[in-house]
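**Student:** Quick one: structure below, then a few questions.
The values are calculated or read from the model by the stated rules, or taken from the named source; none is laboratory data. Computed from a predicted model, the values in this text were never measured in an experiment. Positions of Cβ are generated from backbone atoms using ideal geometry, with glycine treated the same way; all protein chains shown enter the neighbour counts.
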């Protein structure tokens, strides 16, 4: 039976869940006029590192402004993981702690077609959204 107290509790739980969903939802890194690329970067087996690049519009001289960020997305660090099985392997994790996004490098610089850094794409026109 739903009592007023239970209804208030259910509503409070819904508000908390919606708030968490909004807080942890993906954030856009670029303005609408930019083109962006986000790829796996570095040693992403042990730590899920990413590289995000966003380019502004081309200027009259052919240059553009590039924003680059190297970062590790938010993740959970387990204290202990135990696995068992031979054909089907099952793992369980206990303990641990949550780590928020960690930005370890952020740069803004001017780029021309002839000086794009090795491993980086050419100009990303507005509306480009590459996720790899």
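**Student:** Enumerate the strands (runs of 3 or more DSSP E) found wholly within the stretch 35-132, keeping only those where 1 or more residues are within 17 Å of the chain's Cα centre (by Cα).
**Tutor:** By residue number, 35-40, 50-55, 64-72, 75-77, 97-99, 102-111, 129-131.
**Student:** If we keep just the residues of the stretch 83-101 that are loosely packed, with under 10 Cβ neighbours inside 10 Å and touching a strand residue (DSSP E or B) at 6+ places or on another chain (Cβ under 8 Å), which is farthest from residue 54 (Cα to Cα)?
**Tutor:** 84
**Student:** In the set 118, 61, which member is out of contact with any strand residue (DSSP E or B) (no Cβ under 8 Å at 6 or more places or on another chain) and over 16 Å from residue 39 (Cα atoms)?
**Tutor:** Of the residues listed, the single one that is out of contact with any strand residue (DSSP E or B) (no Cβ under 8 Å at 6 or more places or on another chain) and over 16 Å from residue 39 (Cα atoms) is 61.
**Student:** Taking the stretch 103-126, which residues are in contact (Cβ under 8 Å) with a residue 60 or more places away in the chain and in contact with a helix residue (DSSP H, G or I) (Cβ under 8 Å, 6 or more places away or on another chain)? Steps first, answer last, please.
**Tutor:** Here is the first cut: in the stretch 103-126, the residues in contact (Cβ under 8 Å) with a residue 60 or more places away in the chain are 120-121, 123-126.
123 - this is the single residue of the stretch 103-126 that is in contact (Cβ under 8 Å) with a residue 60 or more places away in the chain and in contact with a helix residue (DSSP H, G or I) (Cβ under 8 Å, 6 or more places away or on another chain).
**Student:** Whether any residue in the stretch 2-13 is over 30 Å from residue 128 (Cβ atoms) and modelled with pLDDT of 80 or more is what I want to check.
**Tutor:** no
**Student:** Which number in (1) modelled with pLDDT under 90; (2) in contact with a strand residue (DSSP E or B) (Cβ under 9 Å, 6 or more places away or on another chain) marks the one condition that residue 104 misses?
**Tutor:** If we test residue 104 against (1) modelled with pLDDT under 90; (2) in contact with a strand residue (DSSP E or B) (Cβ under 9 Å, 6 or more places away or on another chain), just (1) comes out false.
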